[in-house]
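Chemist: I'd like to ask you about the structure that follows.
The values are calculated or read from the model by the stated rules, or taken from the named source; none is laboratory data. Note that the structure is a prediction, hence the values are computed from the model and not measured. Every residue, glycine as well, gets a Cβ built from its backbone with ideal geometry; the counts of neighbours run over all protein chains shown.
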Amino acid sequence: MRVVIQEDYNKMCKWAANYIAAKINGHKEARPFVLGLPTGSSPIGVYQELVRMNKAGEVSFANVVTFNMDEYVGLPHEHDQSYWYFMHDNFFDHLVDMKPENINILNGMAEDPEEECRRYEEKIASYGGIDLFMGGIGVDGHLAFNEPFTSLTSRTGLRALTTDTRIVNSRFFGNDPEKVPAFALSVGIGTVTDSKEVLVLISGHNKARALAKSVEGNVSQKWTCSALQMHNGAIIACDEDACGELTVDTYKYFKDIEKAERL
Ligand code: GLP
């Protein structure tokens with residue numbers, strides 16, 4: 001596992017955007033580059049930087065297919081807290097060459113959620129899997145909407161949200177946890193770790209425990225993000241604020257090993 005520690009949130013986002021752009025630009029095959037994407041506050045700076053680079057002609061999305069991690073059940077596209085809305089508002093609508101037909105987001109209004117999730121997994125497989133999955137994590141270490149004790153081999157499916165997560169996410173729903181949908185459709189931990197590379201963003205003091213559990217803790221379904229330890233191409237990009245719970249030795253190790261300028 002790589003842990004790339006950047007001074008602050010903006011630098012973390014710039015590093016991640018550069019990394020993703022370099023991977024897209026380095027993809028020389030005719031088949032599309034398949035990119036997994038998250039929502040949340042953490043990736044917003046990455047999306048802004050990728051949009052800037054795209055407008056400046058530094059990276060093209062013409063041959064990129066995207067799959068989003070998750071979506072609330074019961075929110076239509078036009079709901080301003082649906083992840084469909086978030087992704088278009090913060091990213092897709094600003095790209096100059098993203099093809100709408102290449103955007104994949106789970107449909108939280110599907111009449112048959114199981115069928116929707118099965119179809120999603122099949123569609124990912126039809127492209128030969130995901131090249132790079134970017135993610136964020138919750139304060140309880142959830143990756144996508146895979147709450148503590150979701151199997152580390154889970155696939156795309158219906159997830160119940162914990163009260164804790166509904167309370168954390170209630171900041172977007174008028175601070176009322178009851179307004180936060182109780183269910184979501186989400187890719188599984190196995191879906192994420194099947195990707196060739198996984199890049200997870202971890203920023204801020206409130207994520208310090210989750211970062212320490214991801215890097216130093218046991219591989220455990222209690223902290224679903226710890227599954228990254230079993231992945232051969234996992235990178236955590238984080239900021240200094242998120243490092244507060246790492247041991248000094250761990251922090252020094254990653255600072256040392258990453259000090260050579262590399263992507
Ligand atoms: C939500 C999303 C996750 C996201 C998490 C953290 O619960 N389902 O995919 O990683 O929030 O969000 P933030 O980056 O805003 O802290």
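Chemist: Considering each of N63, N102 in turn, give the residue that is in contact with a strand residue (DSSP E or B) (Cβ under 7 Å, 6 or more places away or on another chain), closer than 20 Å to I24 by Cβ and surrounded by fewer than 17 Cβ atoms within 10 Å (Cβ to Cβ). Before the answer, list the steps.
Modeler: Working: N102 fails: surrounded by fewer than 17 Cβ atoms within 10 Å (Cβ to Cβ).
On inspection, the qualifying residue turns out to be N63.
Chemist: Can you tell me which of A110, A56, A30 is away from the ligand (no atom under 13 Å from the Cβ), more than 17 Å from the chain's Cα centre (by Cα) and modelled with pLDDT under 95? If you could, list the steps in order and put the result at the bottom.
Modeler: Details: A110 fails: modelled with pLDDT under 95; A56 fails: modelled with pLDDT under 95.
A30 is the lone residue from the list that is away from the ligand (no atom under 13 Å from the Cβ), more than 17 Å from the chain's Cα centre (by Cα) and modelled with pLDDT under 95.
Chemist: Could you tell me which residue of the stretch 138-174 is nearest to the ligand (Cβ to nearest atom), considering only residues that are without any contact (Cβ under 8 Å) to a residue 40 or more places away in the chain and more than 23 Å from D80 (Cα to Cα)?
Modeler: The qualifying residue nearest to the ligand (Cβ to nearest atom) is S154.
Chemist: Is it the case that G129 is touching a residue at least 24 places away in the same chain (Cβ under 8 Å), surrounded by fewer than 16 Cβ atoms within 10 Å (Cβ to Cβ) and of a type in the set (G, A, S)? Outline the logic, then answer.
Modeler: Details: touching a residue at least 24 places away in the same chain (Cβ under 8 Å): yes; surrounded by fewer than 16 Cβ atoms within 10 Å (Cβ to Cβ): yes; of a type in the set (G, A, S): yes.
So G129 passes the test.
Chemist: Next up: Determine whether G135 is closer than 30 Å to K11 by Cα and surrounded by fewer than 20 Cβ atoms within 10 Å (Cβ to Cβ). Don't jump to the end; show me each part of the working.
Modeler: Working: closer than 30 Å to K11 by Cα: yes; surrounded by fewer than 20 Cβ atoms within 10 Å (Cβ to Cβ): no.
No; evaluated as a whole, the condition is false for this residue.
Chemist: On to the next question. Just to be sure I understand, how many residues within the stretch 59-84 are away from the ligand (no atom under 16 Å from the Cβ) and of a type in the set (D, E)? Spell out the reasoning first.
Modeler: Taking the stretch 59-84 first, the residues away from the ligand (no atom under 16 Å from the Cβ) are 59-65, 76-78.
Keeping just the survivors that are of a type in the set (D, E) gives 78.
Residues meeting the conditions: 1.
Chemist: Out of the strands (runs of 3 or more DSSP E) lying entirely within the stretch 92-201, which hold 2 or more residues that are of a type in the set (D, E, K, R)?
Modeler: Values: elements: 132-136, 157-160, 183-186.
In the stretch 92-201, there are no strands (runs of 3 or more DSSP E) which contain 2 or more residues that are of a type in the set (D, E, K, R).
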